[in-house]
1. Take the stretch 600-646, compute every pairwise Cα distance, and split them into 10 Å bins from 0; I just need the percent in each bin.
2. Could you tally the net charge around Glu375, taking each other residue with its Cβ under 9 Å from the Cβ of Glu375, Lys/Arg +1 and Asp/Glu -1?
3. Given a Förster distance of 45 Å, report the FRET efficiency between Val817 and Asp635 from their Cβ-Cβ distance, rounded to the nearest 0.05.
4. Could you state the accessible area per residue of the stretch 417-511 in Å², with a 1.4 Å probe and every protein chain left in place?
5. Output the Cα-based Rg and Dmax of the stretch 406-514 in Å, rounding Rg to one decimal and Dmax to a whole number.
6. In whole percent, and with a 1.4 Å probe on the protein chains, what portion of the accessible area of the stretch 260-344 is carbon and sulfur?
7. Per the Kirkwood definition applied to all pairs of different Cα atoms, how many angstroms is the hydrodynamic radius of the stretch 749-788?
8. Mind pulling the per residue volume of the convex hull built on the Cα atoms of the stretch 724-839? Å³ is fine.
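The values are calculated or read from the model by the stated rules, or taken from the named source; none is laboratory data. The shown structure was predicted, so the numbers you read here are calculated from the model rather than taken from an experiment. Methodologically, a virtual Cβ is constructed for each residue, glycine included, from the backbone with ideal geometry; neighbour enumeration extends over all protein chains shown. Each accessible area value is taken on the protein alone, full model and side chains, heavy atoms only, with ligands, DNA and RNA left out. Shrake-Rupley method; radii C 1.70, N 1.55, O 1.52, S 1.80 Å.
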Amino acid sequence: GSMSHDLAGDPIVKALEKSTIAQTLKAARASLAEPSRPFTPLDRSLFQRPSEGGDSRPTSSYGVDQLAFVRDTFGNSGGRPESARSSRSSRTRPDTIQEEDDDRHQGAEVLRLDEEVSSRTRRRPSPQESPSEAADTSGSEELTPVTAAPAPPSTRAPMRPPRPPGTGGYPGSMANLRSSPGVGGYPDPIGVADSSPRRASPRRWVPDGSPMEQRRKASQSPSPSPGSRAASSDASPIADIPVGSASCEVLIAKLQSFAASKEKRKKNAELLSDICERLWEISVDMKAGRGGDLHLAPQLLREVMGLMDIKDLKDAKCIFKIARCALSLLSLEAATKGVPVSGVSAAYQNISQVLFKYSQKEGHDQDFLTERIIEPLIEVLESDSQVCCSPDLRVYIVGVLKNVSNDTSNQKFLAQRGAVSSLFRLMDSKQLTGSSKESQLLIQVTAALRNLASQQYKQFIQAERLDSLTRVMAVFPGHTELLTNIARILAKLTLHGSAVEALAKNDAHIRQIAKTLSSNAESTPLTLRLAFVLGNLTERSDRLRVVFAFDCEGTSLVPQLLTKYWQKDRQLARLELEKDQSKASGLQEIEEVLVKLSRLLANIAISQSAGVTLASSSAVVDPLLDMLGAKRIGDSEELVLNVVAAVTNLLFYDVPSNLLFQEDNKQLLCRLFRPLLLESYNVEALVETARALGNLSRHADARRCMVGLRLDEILVILLDHDDRDLVFYSCGALVNFAADPDCTPRLTSACPAVQKLAKLLGDAPSDDPALQLVAVKVLTNLSLDPGAAWPATDVEAVRETVEQTIGDCEELASEEVERQQLLDLARHLQSRLPVTTAVEVTETAREEEESVQMQCMAPGCGRTFNSKEKLDAHVERRHSKTGN
């Protein structure tokens, strides 16, 4: 009739029918099968939130130039090193030694001492005291902060970087050192056995004929000044020795030369890199007990720390090489002999702070791997040594690992190295007390684990490690940043079935997650992620649905959260309108929370006991209907999709208490579903809407409302779709329409339902009896209406496909219940089909062909009709307002 042609002329329906909706015009962004994961913006600072504890905490707002490696390591005999203290507080650091501009010194950063005054009896005043105060102070073997000295006479050569002060100045030769045991000062670069800040270098036997002894004899008289030695080092035989085979003594001399000359550092950056590689080899030999240079380890450590102090060394790879050598030497007992514990600890921390600064730049991620700096950092974390156990030190080291683990290659290395085990070791939940210092470290640990959880999730699902995560959540119930990091870990883990199974073994996990969610409902990022985690858990486990719904009070918690965040969404939407903003701040994140809560609701509603309870709650039904009415699928695709899924699952429970089956709500749903069928290019949205209509169409008043909205005709159009599930659920809804005598006339006259069902039955795979069965059900119900006359061509088409279906079932001879039902119902349908003659079929086909002869001439229309009356009615209805 006219309804059929009128629907065919609807521009939207015509476009959908032409493409059979299967040829989607754009890819669907949202999916129930693959829900979007919460997005975490990349942030490489130590902490993302203000301090949530009373204790001060490490910071990333410091400059590398603030750190003083030699002074902090060797300059204090006890107490907290000044640079480590000042770099994390507002205290003012004493002025650093300024670089002199004298061209003759090549810009080297040097410390100048008065020529005639011994460091035993006099030291320079610090910026906080007057010269007279300094003069009255007794001598000390500790380095004290000094200011830059006035420029020396022009005849003076550049001096060396500072060394441990003793009782004397710079000795002129090794002989002078030997003749004055117990006297400190600067020994020759290759004659020092111990450079600790508290002990003068001891005398050491040197065999005759050794390079050291030859240099000692050559330096007996006259003795050049230290400055002239440094300046002429290039001309010495040491400069000609290949770095790859250089001894420890030669490398020390080369390092001193580099430290004394800024020009050399600029021109010979590659040479310094080679020296560092050689130093690394030597330090490895020292740790392994190979080689005879162990006595030089203290001075080697001092030289390496001195290089870290040079501020013009900015090349990251070079810094990494030096840091690697320093970490290796610091782990060597012989190298730190005589150095106070606080000094060694300060050295570790200063190095970690430098490396953390470099880790904040994504461009250095690969450098950490290629320069082999990750391994020694993990070794420090794994060490139980007193000098490696500082909470702040661990914060910085784990902070480095957290940042560099954003890189895939680094993730693989960390996993192979066992970093997951090392990090979980720092989370020993049995020792936790809930202090703010613990939380500072745990924030870094959990952030690093979050980066490793995706690819290495199998290492996380051991029972004791999942217990650790749950225990931390319990011990720090209000620490939002820490809890959010754990939620991010769980969000990644629960994407995998094996992780969900592991979590399902102990109800303590889901109970704690629910408790944390309830206690932190105001935190949008945390609510978003925990709702996502719970959605993953309840998607895969029916037992967890029940546990969460009732044991964790999920049937009251989820509606409360849904109402809270829907109200937030509406408040922000009003602000958006008032301020004419394209997107109010925070609205997107609020909507993402609603997505996850709707999905969680849909999942727990699969459980019958939970579903019936939820369907009777106005705190559930009202927000869902409001969202379905206020949100458009083009703007909020994933939210609409999950809301429809939740409504569909709730409509399954046809009980008197179900608020969705109230008359007003049924009519409202019918109106809300129509645009979803016509405007959505998301196949899953179409599937969920067809499912919902299938549940809703069980009620006669709902069917009448749908017919008035022509939803039955749209469902018939959807039978041509190439998505199997959409066709299946469309047939499911049509089963209910076909069983209603008030609806069958439209399906057999206004809609080509019989024709499309015949084609579907013929095209359906023989191994899909469920789809064949639902198509036969629709046809059988339509055949039960005695007043419905099918066109002869449609009858023959149905007969042919039914006979084919019966033959397939008999040939397969399957004992499947579903296939047996299909066979019985197909035989019943076959018996009800009227007998038609060839003349009737031919005549019907001719009449249908001749009936299409009147065409609408309106621009862009082209509709055809089989009578002038129908054409005139169409023109009046469609084109009278436009004047065409």
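1. P(r) for the stretch 600-646, in whole percents per bin: 27, 52, 20, 1.
2. +2
3. Step by step, r from the Cβ atoms, then E = 0.50.
4. On the way: 3310 Å² over 95 residues.
Ligands and nucleic acids excluded, the figure is 35 Å² per residue.
5. In order Rg, Dmax, the Cα atoms of the stretch 406-514 give 13.0, 36 Å.
6. 50 percent
7. Here the Kirkwood hydrodynamic radius works out to 10.7 Å.
8. Once divided by residue count, the hull of the stretch 724-839 is 97 Å³.
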